[in-house]
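Derivation of every value follows stated rules applied to the coordinates shown; laboratory data play no part. Source: prediction; values computed, not measured. Glycine gets a Cβ as well: all are built from the backbone with ideal geometry, and neighbour counts include every protein chain shown.
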Amino acid sequence: QKTGYYLDQRENRQAAAAYAAGRRVLDMFCYSGGFGVASAVSGNAASVLSVDSSIKAVSLARANAELNNATAMLVEQADAFEKLSTLHEKGEKFGMVILDPPKFARSRASASDALRAYHRINRLGVDLLEPGGILVTCSCSGAITRDDFLMMLSAVGQRSGRTLQLLEHRGAAIDHPVNLHCLEGEYLKCSIVRVQ
């Protein structure tokens with residue numbers, strides 16, 4: 001049964017929140033606002049802007065923020081790629097950018113296209129980070145391996161001229177074990193990266 005809260009990200013939200021203190025946080029593809037609420041409430045972020053293209057998701061995230069008294073959190077409806085580009089054009093900078101998009105690759109056949117999309121959003125996210133900022137970036141595509149994902153991030157660093165330092169590379173919560181006979185079960189990747 002899907003809850004809509006993505007319990008597989010539970011520990012990743014808390015890990016990300018540990019880097020949020022005093023930072024201006026941008027939470028893209030926020031859905032129910034889990035990363036944003038954790039950053040605002042337990043992470044003590046200075047402010048959180050959470051963005052999703054779905055009006056239903058925006059309503060859910062706003063309700064979640066209210067339930068958790070996340071007063072530093074603002075939720076906005078917008079296309080993620082357009083919003084990232086607009087913020088970049090305005091010269092906005094953030095101390096933390098969280099990217100948790102929906103599945104881009106349904107199969108290995110679509111992995112190349114998906115990696116291009118991941119590269120694009122991560123490049124946009126990196127461009128919005130102040131020096132020393134934190135990028136929290138996720139992929140829930142089982143067809144994208146850990147190595148694929150980290151190589152994509154390395155390419156983002158090279159193309160952007162920024163130094164990316166991997167602080168943590170995480171997977172699904174502990175109650176989501178991976179069967180070694182089906183490594184696609186290691187679908188969730190969550191990298192926490194310092195960007196210089």
Shape call for the stretch 1-90, from the Cα gyration tensor axes a ≥ b ≥ c (a/c under 1.5 means rounded, otherwise prolate when a/b beats b/c, else oblate), comes out oblate
Pseudo-spin-label distance E130 to E76, built 7 Å along Cα→Cβ, given in nm, is 1.8
Cα-only Rg/Rh for the stretch 90-196 with Kirkwood Rh rounds to 0.98
Membrane-span-like helices (DSSP H runs, Cα span along own axis at least 15 Å, mean Kyte-Doolittle at least 1.6) in the chain -> none
Per GNM of the chain with C-alpha springs under 10 angstrom, the most fluctuating residue out of E82, E130, E11 is E82
Long-range amide H partners of I98, meaning residues 5 or more apart or on another chain whose placed amide H is closer than 5 Å, are L26, D27, M28, V136
Checked the stretch 91-140 with the C-alpha gyration tensor, a ≥ b ≥ c its square-rooted eigenvalues, rounded below a/c of 1.5, otherwise prolate if a/b is larger than b/c and oblate if not; verdict prolate
Here the net charge surrounding S110, from other residues whose Cβ is less than 11 Å away from its Cβ (Lys, Arg +1; Asp, Glu -1), is +3
Subtracting the Cα-Cα distance of S112 and R194 from 0.36 nm times their residue separation yields 27.0 nm
Once S154 and S54 are pulled to full extension, the length gained, defined as 0.36 nm per residue separation minus their Cα-Cα distance, is 32.9 nm
Normalised per residue, the volume inside the convex hull of the alpha-carbon atoms of the chain in Å³ amounts to 115
If one builds a Gaussian network model of the chain from Cα atoms under 10 Å apart, the most fluctuating residue listed among A57, A155, A80 is A155
Listed residues S154, S110, S59; largest mean-square fluctuation, Gaussian network over the chain with Cα springs below 10 Å, found at S110
For the chain, the dipole about the Cα centre with charges only on Cβ (Lys and Arg +1, Asp and Glu -1), to the nearest 20 debye, works out at 200
The long-range amide H neighbours of A45, using H built 1.01 Å from N in the peptide plane and a cut-off of under 5 Å, are G22, A40
Count of lysine pairs, the stretch 7-195, Cα-Cα under 24 Å, sep. 8 or more residues or interchain, comes to 6
Note on the chain, DSSP bridge orientation, antiparallel percent to nearest 5 equals 40
